[in-house]
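Notes for the one structure printed next.
The values are calculated or read from the model by the stated rules, or taken from the named source; none is laboratory data. Note that the coordinates shown come from a computational prediction; the quantities given were computed from them, not determined experimentally. Heads up, the Cβs are rebuilt from the backbone with ideal geometry, glycines too, and the neighbour counts pull from every protein chain shown. Note: areas computed on protein heavy atoms with side chains; ligands, DNA, RNA excluded. Shrake-Rupley method; radii C 1.70, N 1.55, O 1.52, S 1.80 Å.
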Amino acid sequence: MEQKMRRRKTIGLLLIIGLLLVILAGCRTEEGAAAVPEPPAVTPAEAPLEQPLVEQEPESPKPDLAEIKANEAGKVMILMYHVIGGEKEKDWAQTADNFRRDLLTLYNEGYALLDINDFVNNTIKVAAGRTPVVLTFDDGTPGHFRYLEKEDGSVEIDPDCAVGILLDFERQHPDFGRAAVFYINDAPFGQRKYIREKLQEMVDLGFTLGNHTLTHPKLNQLGDERVQKELALLAQQVEEAVSGYRVETLALPFGISPQNRALLAAGTWEGYTYRNLGVLKVGANPAHSPNHVNYDALTLPRVQASTVELEKWLEYFRKHPEERYISDGDPETVAVPQDRQELLNKDTLAGKELLVY
């Protein structure tokens with residue numbers, strides 16, 4: 001009996017101990033859970049922003065030089081226009097419709113407009129496979145840039161003047177570009193009350209102003225002082241009309257140089273100094289590339305832009321495509337076929353990379 005009682009007490013004691021152990025284990029679990037800090041709540045304002053992916057424009061693939069027949073030792077036409085307007089084409093005069101025809105012909109045959117300053121600075125920026133062509137207009141005649149006056153007193157550009165035609169053509173063919181140089185004398189373009197306004201607008205539109213002397217004399221009949229006066233005064237007038245603008249090229253009146261040819265590049269009159277990076281003649285053939293061994297910036301030839309002369313040179317390049325300047329599309333490189341590299345003056349590369357294929 002006694003033995004049974006002891007057994008019961010032992011079992012009861014064990015049960016109590018087990019119960020106590022269970023209770024103690026639960027307490028430890030609760031204490032441990034409370035000891036672990038919960039992560040702070042993140043409000044929308046504090047939530048990390050997902051960084052947007054920046055899409056980088058893929059680089060344009062380099063053209064296959066052999067495929068486009070790049071030749072930056074080739075020749076460039078500098079076209080010479082005088083009068084634009086009238087009903088019929090004449091010597092030194094082209095109709096507005098024929099000028100439009102010229103632009104379309106050039107575009108369809110793979111040409112693109114180039115500014116004369118880019119040509120003489122050897123920064124030729126036209127698309128790969130295209131040939132640069134420079135448009136020049138001498139004498140500042142009214143048909144180059146004319147305003148039409150409206151009833152309210154405002155003005156608009158005449159769509160039949162050279163500037164109006166060029167702007168309209170670019171709207172239709174933006175890859176042809178917008179560039180032309182206007183070689184002016186005193187009081188250009190007629191409409192004297194608008195002279196300063198026109199000069200400023202021409203520059204704002206991206207066209208270039210060039211020196212054609214103040215009074216259009218034959219420079220070989222003038223002394224050094226008068227030559228400098230003719231060139232300095234015109235350049236100074238332009239700079240005063242268009243604040244800070246510097247004329248950089250000269251078209252010789254009648255194509256005649258002064259006896260002192262050094263005055264074409266630079267000179268001074270009454271404290272004003274002019275400088276010309278390029279000097280253009282009157283006729284009669286395409287110009288060498290600025291990288292060519294025979295290039296001379298102070299004797300640049302031009303092609304008269306009559307129907308007959310322009311077609312003659314277009315046909316010449318059709319028959320002799322190897323003579324034509326064809327751009328590689330990058331002004332920082334000069335590309336030539338292997339058999340033309342001897343025509344390059346490598347001193348003119350000025351850091352540009354030479355590509356021979």
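Some values worked out for this structure:
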read-out: Cα-based reach from K352 at 25 Å (exclusive), listing lysines while leaving out same-chain residues under 8 positions away; value: K62, K69, K75, K125
read-out: Normalised per residue, the volume of the convex hull around the Cα set of segment 153-310 (Å³); value: 148
read-out: Within straight-line cross-link reach of K193, lysines at Cα separation under 23 Å, skipping those fewer than 8 residues along the same chain; value: K150
read-out: Accessible area per residue, Å², segment 187-227 with all protein chains present, probe 1.4 Å; value: 48
read-out: Accessible surface of segment 121-176 [probe 1.4 Å, protein heavy atoms]: carbon and sulfur percent; value: 46
read-out: E309 paired with T215, simple spin-label distance in nm, labels 7 Å along Cα-to-beta-carbon; value: 2.7
read-out: Under 17 Å from K229, Cα to Cα: aspartates and glutamates that are on another chain or at least 8 residues apart; value: D186, E239, E240, E248, E270
read-out: Separation in nanometres of the label points that stand 7 Å from Cα toward Cβ, at L277 and D168; value: 3.3
read-out: Whether segment 271-357 is rounded, prolate or oblate, judged on the alpha carbon gyration tensor where a/c under 1.5 counts as rounded; value: oblate
read-out: Probe 1.4 Å, accessible area per residue of segment 313-357, Å²; value: 55
read-out: Protein accessible area in segment 202-273, 1.4 Å probe - carbon and sulfur %; value: 44
read-out: Computed FRET value (nearest 0.05) for R226 with A187, which takes r as the C-beta separation and R₀ as 25 Å; value: 0.80
read-out: Unsatisfied cross-links (Cα-Cα over 21 Å) in the set K218/K281; K88/K198; K198/K281; value: K88/K198; K198/K281
read-out: Calculated Rg and Dmax of segment 126-179 using C-alpha coordinates, Å; value: 14.0, 47
read-out: Segment 275-334 - percent of accessible surface contributed by carbon and sulfur, probe 1.4 Å; value: 53
read-out: Chain lengthening between K319 and Q259 when straightened (0.36 nm per residue, less Cα-Cα); value: 17.7 nm
read-out: Alpha-carbon gyration tensor eigenvalues x 5, square-rooted, for segment 75-142, Å; value: 24, 15, 8
read-out: Percent of C-alpha pairs per 5 Å bin, segment 161-216, short to long; value: 4, 17, 26, 26, 14, 9, 4, 1
read-out: Largest-first principal axis extents, alpha carbons of segment 217-339, Å; value: 50, 34, 27
read-out: Accessible area per residue in Å² at 1.4 Å probe, computed on segment 60-153; value: 44
